[in-house]
Amino acid sequence: MIFLGGPAVSRHPSLDSLARCASCGDALTGQRRKWCSEACRKRSTRKVDRSGESDSSAVFGSREPAHKLIQPLESSAGVEAIELARLCSLVLDPWQQDFLTAAMGRDAAGRWVADEAALVVPRQNGRSEVLLARLLWGLLLGGERTGLFTAHEHKTATESFLRLKSLVEHPDFVAKYGEVTRLQSSYGREQIEFSNGARALFIARSRKSGRGFSPDFIVLDEAFELSDLSMAALKPSLAARRSPQLWFSSSAPHETSSVLRRICLKGRAGEQDRLVFFEWCASDVVASDAVEGWLASNPAVGYRIRLDTIASELTSGAMDEESFRRERLGVWNEEVFTSVFDRAQWERLYRPDARTSGVAAIAVDVNPDRSRACIAAAVKLALPCWSKYSGRTGVWIGWWRRCLPWFGLTV
């Protein structure tokens, strides 16, 4: 396992010796000398317009994620996926290609080096293109029979379906792979079936939506809205497949994003042997109006996101600053917890000298990943009859511990 915060994705030595495109970094083939395609040539030489006027000094977002966990690889199917996407006129940015190369890495035996991959980057940077490139490769070149694309809402899944539909209808794609044999666009039941019998399915997640499927590849898009119940319905469906993969894709986690928070914490700590994790975000201490924070968290700046658009998001008032930092800068607090009680009110009612007349009830709770637990007791207060608190019930928080190995062994 390799955990890195800055260096480029590791490649097999034979890949490093190849001549590469000056724009996307992909291996050059045939007689091309500097760019792998006309699209890359135009991209590499175009000017970036940041304020309504052309500027010859191009400004691009960071290609390197703030947090990165990769696995040693011998080769990568990402090279084929990048070429297949280009055939559909989908030219991926360098950072998108880096993620595909790492997440689709193979070992010496040809097996995936990672069973799971997570791409966490602010909105509108181009996550969907990466997911569709991987999905398309699996169904046409990877020997996968079923690819399942899930999202938190039907409309998001439908948008991804329409995007893939436009790619497979590209003339160059049709000329090489033929037309799709079945295209079902009924709302909530979208799917594309190719001439080889492979299918791409698009569904909205629920606690039951993954049951009944046996896919080779699952996409969990907008994973900030992925619940433990939905995960429990989808993850076991991969168990019978020979070489499955599960990919997470999302912007920064919210306070309620239990599954995504676990993935991000493990990726940041480098604790997973079979996980590839890329997360773009600004530093927690960077100012919201600092351009360096915008560039660090948005790799698509210079390709599809403009700096003046980001400035408008901050100053227009459409989002408060906390939302801007989460949605555009990718900043989230690892230690944030939601509370049922108002803290100020709780401290106002705190009575360290209160006496009790016996325990009325005890409650125990453990969070899903068993890293924290809490014991609380509700007790009757033994106070004089003239006290305004007489006869009332007090709540006692008896125990709260982090990094719990197993609750039952510790009590």
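Per-structure values
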{"read-out": "Residue match in region 352-361 (condition: touching a strand residue (DSSP E or B) at 6+ places or on another chain (Cβ under 8 Å), under 30 Å from Val259 (Cα atoms) and modelled with pLDDT of 75 or more)", "value": "no"}
{"read-out": "Sole exception among (1) of a type in the set (Val, Ile, Thr); (2) closer than 29 Å to His254 by Cβ; (3) modelled with pLDDT of 75 or more for Val336, by number", "value": "(3)"}
{"read-out": "Scope region 294-319; condition assigned to a loop (DSSP other than H, G, I, E, B), farther than 13 Å from Pro122 by Cβ and touching a residue at least 24 places away in the same chain (Cβ under 8 Å); matching residues", "value": "Gly302, Tyr303, Arg306"}
{"read-out": "Output for region 117-165, where each listed residue is among the charged types (D, E, K, R) and more than 25 Å from Arg211 (Cβ to Cβ)", "value": "Arg123, Arg127, Glu129, Arg163, Lys165"}
{"read-out": "All positions within region 147-158 that are surrounded by fewer than 21 Cβ atoms within 10 Å (Cβ to Cβ) and in contact (Cβ under 8 Å) with a residue 24 or more places away in the chain", "value": "His152, Glu153, His154, Thr156, Thr158"}
{"read-out": "Qualifying residue in region 83-91 (condition: over 30 Å from Val286 (Cα atoms), buried (at least 19 other Cβ atoms within 10 Å of the Cβ) and of a type in the set (Gly, Ala, Ser))", "value": "yes"}
{"read-out": "Residue within region 32-41 that is under 27 Å from the mean Cα position of the chain (by Cα), assigned by TED's automatic domain parsing to the domain that holds Pro253 and either farther than 21 Å from Glu222 by Cα or at pLDDT 95 or above (or both) present", "value": "yes"}
{"read-out": "Matching residues in region 233-245 - criterion: being outside any loop (DSSP other than H, G, I, E, B) and hydroxyl-bearing (Ser, Thr, Tyr)", "value": "Ser237"}
{"read-out": "Pick from region 76-127, criterion among the β-branched types (Val, Ile, Thr) and outside any loop (DSSP other than H, G, I, E, B), ranking: nearest to the chain's Cα centre (by Cα)", "value": "Val120"}
{"read-out": "Filtered residue count, region 196-238, keeping only those that are under 15 Å from Glu144 (Cβ atoms) and either in contact with a Phe, Trp or Tyr (Cβ under 9 Å, 6 or more places away or on another chain) or among the charged types (D, E, K, R) (or both)", "value": "10"}
{"read-out": "Condition met for Glu255 (in contact (Cβ under 8 Å) with a residue 24 or more places away in the chain and in the same structural domain as Phe99 (by TED's automatic domain parsing))", "value": "yes"}
{"read-out": "Residue check for Arg304: over 21 Å from Val130 (Cβ atoms) and either more than 19 Å from the chain's Cα centre (by Cα) or basic (Lys, Arg) (or both)", "value": "no"}
{"read-out": "Residues located in region 246-288, provided they are assigned to a helix (DSSP H, G or I) and surrounded by 15 or more Cβ atoms within 10 Å (Cβ to Cβ)", "value": "Ser258, Val259, Leu260, Arg261, Arg262, Ile263, Cys264, Lys266, Gly267, Arg268"}
{"read-out": "Leading residue by the ranking (surrounded by the fewest Cβ atoms within 10 Å (Cβ to Cβ)) among those in region 226-245 that are closer than 17 Å to Gly142 by Cβ and modelled with pLDDT of 90 or more", "value": "Pro244"}
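The values are calculated or read from the model by the stated rules, or taken from the named source; none is laboratory data. It should be emphasised that the depicted structure is a prediction, and the values quoted were computed from it without experimental measurement. We place every Cβ from the backbone using ideal geometry, glycine too, and count neighbours over all the protein chains shown.
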